[in-house]
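These notes are about the structure you will find just below.
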Amino acid sequence: MSTDISIETMSVAEKVRLLESVWESLCAHPGDVQSLAWHREVLEARRRRLEDGRATVSAWADAKAPVGIHEIALRYHRFPAKRFPFCIDYTLSGGMLVVDAVIDARRDPLRIRRRLR
């Protein structure tokens with residue numbers, strides 16, 4: 001199958017839908033996908049961090065939310081998490097999303113500002 005797609009003209013939402021379609025297609029036949037050695041090592045390290053409690057996971061619905069479009073507060077994009085009252089402050093750097101802080105929005109705004117400076 002050959003499909004010509006102009007990715008540069010797609011919106012972020014269209015790109016996410018395309019990625020989801022590709023992922024679903026790959027998941028339909030998992031035996032056809034071979035993992036590279038370095039990828040297996042990265043996944044193993046992540047699994048260990050989860051088991052040790054040094055990392056957590058997020059629902060895909062939260063992770064795929066459009067990035068870069070949230071309000072900007074003190075140079076950070078602020079994404080309101082689904083679990084109120086938390087917000088995720090992030091920056092975009094070199095095409096990567098960097099989570100800078102997870103904020104408890106119930107706290108004093110002055111304290112939050114001091115922490116983020």
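The values are calculated or read from the model by the stated rules, or taken from the named source; none is laboratory data. Not measured: the values here are computed from a predicted model. Virtual Cβ from ideal backbone geometry, glycine too; neighbours counted across all protein chains shown.
Taking the range 39-60 as the range and being more than 30 Å from residue 87 (Cβ to Cβ) and modelled with pLDDT under 85 as the test, the residues that pass are 39, 40.
Name the residue that is nearest to the chain's Cα centre (by Cα), counting only residues in the range 89-106 that are exposed (fewer than 11 other Cβ atoms within 10 Å of the Cβ) and outside any strand (DSSP E or B). Ranking the candidates gives 95 first. Among the residues of the range 81-97, those that are under 20 Å from residue 59 (Cβ atoms) and free of Cβ contacts under 8 Å to residues at least 24 places away in the same chain comprise 81, 82, 83, 84, 85, 86, 87, 88, 90.
Inside the range 78-117, residues that are of a type in the set (D, E, K, R) and touching a Lys or Arg at 6+ places or on another chain (Cβ under 7 Å) make up a count of 1. For the range 1-21, taking the residues that are over 26 Å from residue 82 (Cα atoms) and surrounded by 10 or more Cβ atoms within 10 Å (Cβ to Cβ), the one that is modelled with the highest pLDDT is identified as 10.
Scanning the range 45-58 for residues that are loosely packed, with under 10 Cβ neighbours inside 10 Å and of a type outside the set (Val, Ile, Thr) yields 51, 52, 53, 54.
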